[in-house]
Amino acid sequence: MKHITTLTITAAVLIGALRATAAPQPNVIVILGDDMGVDSVSAFNPKMGLKTPAIDRLANEGMSFMDAHSTSGVCSPTRYGLLTGRYNWRSRLKRGIVGKWERPLIADARLTLPEMFGAHGYATCMIGKWHLGWHWPKKGGGTTEKMGEIDFSQPIKGGPNSHGFDYFFGDDVPNWPPYAWRENERLLGNLTAQMKQGAMIGVSAGPAVAEWDFSAVLLEYGKRCADYVRGRKDKEQPFFLYFPMPSPHTPIAPGGKFNGISGISGYADFLVETDWAVGEILKALDDTGQANDTVVIFTCDNGTSPKADFARLDDAGVHLNVNWRGWKADAYEGGHRVPFTVRWPGHIRPGSRSDETIALTDIMATCAGILGTELPANAAEDSVSLLPELRGEKRGKPLHDIVIHHSGSGHFAIRKAQWKLLLCRGSGGWSPPREAEAAKKQLPMLQLYDLASDPRETENLQAKLPGKVAELASDLAKAFRDGRTTPGPQQKNEGWPNTIPRPILEKFPQLADPNIKS
């Protein structure tokens, strides 16, 4: 068992606080879509052209944050932030994602969202996509990060069960091997087959169980989530369910009745099926009478991927790339502006919307507030509770002074009120202009936008407003230096952020690693 002393003491304190609280604790469900920007929800995008009735229902019955952001433009960094309340670039992951066969990203001693719930007496369950690394067992003992050395018959540790989940059913990444269901720390079935590279878009070669069916994955997860909710009926112990979906990320594999349901494309079908899975959970809550006692949070890990084929969707009247610049992986808004809706009957005004700038890191402090507990000083350093906004409390200042964005290639952007500073020449990700192209065009090394008047990020104001650029650069440097963006004692990053281009460091030396002498 990991960090027994620290965790046991923390658990004892938190459970003691729980027993002293008279009010019953609500169940909490966090649903995380994959590669699905804010324009993929019909309630938020009149031009969408498809309907997402289940997610729309959450928006109609809860509060939607219209300026919500994943902490990164790609998958695993945001998952780290959601489960820890901490920006991923404070960890070893300074750019990109956790790779195939890589070791765990979350440190053993770091408090996670399910650990916090477990310490308060909750049952904790995860069903879906992990993508945060494992301790892959090596043949003959030890661990390895090389596929050919892995003993898949042994327990695979370092995953959800090692970080606070009582039960786990799912996979690492649907388009990566091994292609097999896994339950807790064991693979189910024998890896007697080999998946071919490119068997579907985005699929990598590797070991698989015989006749692995990509189209069965989301169907299975939706059913299991609903079954879990139904199984909690009449149990005194509250539950926390985390459902990181595999969709509509590649492989685009709509299953059963959803294959062809839209009449548009496989991607559109998969988006419809994604909404269905959310609806299955809501139906299970309704059928078991648990809806009024359950907080449901729906959000997504980053913006929509170009694998959606925007041109084909546009031709069919489905517009997922019209309101914001860029897409998945970018520092532009399309890379990280995501849907974020919270439903809690009797506590949140139905159909309400908020323009507060928030991030997925805020889920942890919000849940701590729901539990009525204080987070330790060395946990959730970038998490702010949304409860004041959810409860409609009047405040004299924004929830966040700043929110920091991070692209797939590690380029930073910082948001403060309506101002957004990008530390890159182009998108910082996949949409044009990419960084190499932007450099050839000799575009400025910084971009400053006023999102209040220019939400599409079309007019770069960096040359006109050097004072605002310097202010935001200083704010970013302080966030690096303090190891946090919330009040509290200074914390240590796991290495200084190291992806800032040299010309920017020369212009703003306060952003440079203080441990490296120039």
Quiz item: From the list Ala377, Ala368, which residue is farther than 23 Å from Leu282 by Cβ and in contact with a Leu (Cβ under 6 Å, 6 or more places away or on another chain)?
Solution: Ala368
Quiz item: So Ile201 clears everything in (1) modelled with pLDDT under 95; (2) crowded, with 17+ Cβ neighbours inside 10 Å; (3) of a type in the set (Val, Ile, Thr) except one condition, right? Which one?
Solution: (2)
Exercise. Taking only region 478-518 into account, find how many residues are over 23 Å from Val403 (Cβ atoms) and of a type in the set (Val, Ile, Thr).
Key: 1
Exercise. Could you tell me which residue of region 240-257 is nearest to the chain's Cα centre (by Cα), considering only residues that are crowded, with 21+ Cβ neighbours inside 10 Å and not in a loop (DSSP other than H, G, I, E, B)?
Key: Pro244
Self-check item: Lone unmet requirement of (1) at pLDDT below 95; (2) among the hydrophobic types (A, V, I, L, M, F, W, C); (3) closer than 30 Å to Arg312 by Cβ for Ala17
Solution: (3)
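Looking at Lys233, is it within 22 Å of Lys307 (Cβ to Cβ) and among the basic types (Lys, Arg)?
On the way: within 22 Å of Lys307 (Cβ to Cβ): no; among the basic types (Lys, Arg): yes.
Answer is no for this residue.
In the list Thr299, Thr304, Thr294, which residue meets the criterion of being more than 22 Å from Arg456 (Cα to Cα), modelled with pLDDT of 95 or more and either among the β-branched types (Val, Ile, Thr) or under 15 Å from the mean Cα position of the chain (by Cα) (or both)? Outline the logic, then answer.
Numbers: Thr299 fails: more than 22 Å from Arg456 (Cα to Cα); Thr304 fails: more than 22 Å from Arg456 (Cα to Cα).
Only one candidate qualifies: Thr294.
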Quiz prompt | Single residue of region 162-174 satisfying the filter (buried (at least 19 other Cβ atoms within 10 Å of the Cβ) and modelled with pLDDT of 95 or more) that is nearest to Pro248 (Cα to Cα) | solution = Gly170
Quiz item: On the given criteria, is Ile500 assigned to a loop (DSSP other than H, G, I, E, B), under 15 Å from Phe412 (Cα atoms) and touching a Phe, Trp or Tyr at 6+ places or on another chain (Cβ under 9 Å)?
Solution: yes
Exercise. Could you please tell me which pairs satisfy a Cβ distance under 6 Å, a separation of 6+ or placement on different chains, a first residue in region 398-416 that is more than 15 Å from Pro497 (Cβ to Cβ) and polar (S, T, N, Q), and a second residue that is surrounded by 24 or more Cβ atoms within 10 Å (Cβ to Cβ) and modelled with pLDDT under 95?
Key: none
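Right, Tyr221: farther than 30 Å from Leu111 by Cβ and of a type in the set (Ser, Thr, Tyr) or not?
Numbers: farther than 30 Å from Leu111 by Cβ: no; of a type in the set (Ser, Thr, Tyr): yes.
No; evaluated as a whole, the condition is false for this residue.
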Practice problem: Report the residue count in region 277-310 for those that are within 26 Å of Gln447 (Cβ to Cβ) and of a type in the set (Gly, Ala, Ser). | Solution: 3
Exercise. Could you please find all residues in region 98-115 being surrounded by 16 or more Cβ atoms within 10 Å (Cβ to Cβ) and either within 18 Å of the chain's Cα centre (by Cα) or not assigned by TED's automatic domain parsing to the domain that holds Gly33 (or both)?
Key: Val98, Pro104, Leu105, Ile106, Arg110, Leu111, Thr112, Leu113, Pro114, Glu115
Exercise. State which residue pairs qualify: first residue under 15 Å from Ala470 (Cα atoms) and inside region 423-449, second residue of a type in the set (Phe, Trp, Tyr) in any location, beta carbons under 6 Å apart, and separation of 6 or more residues or different chains.
Key: Leu423/Phe412
Quiz item: What about Ser431, is it crowded, with 24+ Cβ neighbours inside 10 Å and part of a loop (DSSP other than H, G, I, E, B)?
Solution: no
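State whether the residues of region 476-493 include one that is small (Gly, Ala, Ser), within 26 Å of Ile358 (Cα to Cα) and either modelled with pLDDT under 95 or part of a helix (DSSP H, G or I) (or both). Give the derivation first.
Start the filter on region 476-493 by keeping residues that are small (Gly, Ala, Ser), which leaves 477, 479, 483, 488.
Imposing the further condition that a residue be within 26 Å of Ile358 (Cα to Cα) reduces the set to 477, 479, 483, 488.
Among the residues that remain, those that are also either modelled with pLDDT under 95 or part of a helix (DSSP H, G or I) (or both) are: 477, 479.
The answer is yes; a qualifying residue exists.
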Exercise. Kindly list, by first and then second residue, each pair from a residue in region 277-295 that is within 28 Å of Pro254 (Cα to Cα) to a residue that is assigned to a helix (DSSP H, G or I) and at pLDDT below 95, limited to pairs with Cβ atoms under 8 Å and residues at least 6 apart or on different chains.
Key: none
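If we scan region 281-300, do we find a residue that is farther than 20 Å from Leu58 by Cα, assigned to a loop (DSSP other than H, G, I, E, B) and not aromatic (Phe, Trp, Tyr)?
First pass over region 281-300, keeping only residues farther than 20 Å from Leu58 by Cα: none.
For region 281-300, residues farther than 20 Å from Leu58 by Cα, assigned to a loop (DSSP other than H, G, I, E, B) and not aromatic (Phe, Trp, Tyr): absent.
Residue-wise test of (1) surrounded by fewer than 20 Cβ atoms within 10 Å (Cβ to Cβ); (2) in a loop (DSSP other than H, G, I, E, B).
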| site | (1), (2) |
| --- | --- |
| Arg395 | yes, yes |
| Ile404 | no, no |
| Ser427 | no, yes |
| Ala436 | yes, no |
| Thr458 | yes, yes |
| Ala463 | yes, yes |
Exercise. Exactly one condition in (1) out of contact with any helix residue (DSSP H, G or I) (no Cβ under 6 Å at 6 or more places or on another chain); (2) surrounded by fewer than 17 Cβ atoms within 10 Å (Cβ to Cβ); (3) under 23 Å from Asn88 (Cβ atoms) is not met by Gly467; state its number.
Key: (3)
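Need at least 1 residues that are within 30 Å of Lys420 (Cβ to Cβ) and free of Cβ contacts under 8 Å to residues at least 40 places away in the same chain per element, so show me which helices (runs of 4 or more DSSP H) inside region 42-143 make the cut, counting only ones lying wholly within it.
Filter on region 42-143 gives 53-61.
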Practice problem: Check Arg395, Arg349, Arg391 and return the single one that is within 29 Å of Pro455 (Cβ to Cβ) and free of Cβ contacts under 8 Å to residues at least 24 places away in the same chain. | Solution: Arg395
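So which of Lys478, Lys468, Lys492, Lys517 ends up being without any contact (Cβ under 8 Å) to a residue 60 or more places away in the chain, assigned by TED's automatic domain parsing to the domain that holds Lys420 and either more than 26 Å from Ala365 (Cβ to Cβ) or not charged (D, E, K, R) (or both)?
Details: Lys478 fails: either more than 26 Å from Ala365 (Cβ to Cβ) or not charged (D, E, K, R) (or both); Lys492 fails: either more than 26 Å from Ala365 (Cβ to Cβ) or not charged (D, E, K, R) (or both); Lys517 fails: assigned by TED's automatic domain parsing to the domain that holds Lys420.
Only one candidate passes the filter, namely Lys468.
The values are calculated or read from the model by the stated rules, or taken from the named source; none is laboratory data. From a predicted model like this one, the values you see are computed outputs, not experimental measurements. Here Cβ is always computed from backbone atoms with ideal geometry, including for glycine, and neighbour counts include all displayed protein chains.
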